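Let me begin by presenting the structure, written as structure tokens, before commenting on it.
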2 protein chains.
Amino acid sequence: MITVQVYVSLKQGVLDPQGSAVKQSLNTLGFSEVEDVRIGKHLTLTIDAEEGEVDIEERVKQMCEKLLANPVIEDYEFTIEEVVTS
Amino acid sequence: MITVQVYVSLKQGVLDPQGSAVKQSLNTLGFSEVEDVRIGKHLTLTIDAEEGEVDIEERVKQMCEKLLANPVIEDYEFTIEEVVTS
């Protein structure tokens, strides 16, 4: 079993209305030191394959480009963690 | 200027309908090896303070507990990165 951490974030320069709303709320709550907030997705995938059995890196890249990230406005990166279950 | 990476994720045992929907879609797209998907938030905060000036750790903890995470169903963790601007 392999665990993959995927981080999807808006590209630089793309407006982040959700992040701006959270920044406003934090400032209103008294956290005036917060200058900027950018919000992205963090996905944890559990994949049923042994290392070497499948080209995990290539498969996850395809998953990101087909579904998990919008290539027009989002960037993605991922880390693969080997989890050995007894 | 300090950058803080905040990761908010659903607690173990809390149902993740969004994650299940993404899993179904990935399986439908042919990625049958995907067994589970959990989705969380990844926030990047830019804070206007010099290290030591404010107890950043305590302030970010308060931000998470007051706004960024729902303590009933979500866990949070964060990493503080010193960014020195010229």
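Since every read-out is calculated from the coordinates, none of them should be taken as a lab result. For clarity, every value in this text was computed on a predicted model and none was experimentally measured. Positions of Cβ are backbone-derived with ideal geometry, glycine not excepted, and every protein chain shown enters the neighbour counts.
General remarks:
- Note: relative contact order over chain B, using C-alpha pairs below 8 Å and six or more positions apart, is 54 percent.
- Computed from backbone phi with θ = phi - 60° and the Karplus coefficients 6.51, -1.76 and 1.60, the 3J(HN,Hα) list for the range A:15-24 is 4, 10, x, 5, x, 5, 5, 5, 4, 4 Hz; x is used for glycine and proline.
- Sorting A:Tyr7, A:Tyr76 by the number of Cβ atoms found within 10 Å of their own Cβ, with the fewest placed first, yields A:Tyr7, A:Tyr76.
- With both residues required to sit in the protein assembly as shown, DSSP beta bridges show an antiparallel share near 95%.
- For chain B, the mean residue ellipticity at 222 nm estimated from helices alone is -7000 deg cm²/dmol, where every DSSP H run of n ≥ 4 contributes -39500 (n - 2.57) and the total is divided by all residues, rounded to the nearest 500.
- Under 16 Å from B:Lys23, Cα to Cα: lysines that are on another chain or at least 8 residues apart: A:Lys41, A:Lys61, A:Lys66
- For B:Glu35, distant residues with modelled amide H under 5 Å away: A:Thr46, A:Ile47, A:Asp48
- Within the range A:1-45, backbone nitrogen closer than 20 Å to the virtual label 7 Å beyond the Cα of B:Ile73 toward Cβ: A:22, A:40-45
- Within the protein assembly as shown: Cβ-based charge dipole about Cα centre, in debye rounded to nearest 20 (Lys, Arg +1; Asp, Glu -1): 900
- Scaled radius of gyration (Cα, divided by 2.2 N^0.38 Å) that chain B gives: 1.42
- Each principal axis of the Cα cloud of the protein assembly as shown was taken in turn, and the coordinate range along them, longest first, works out to 51, 34, 25 Å.
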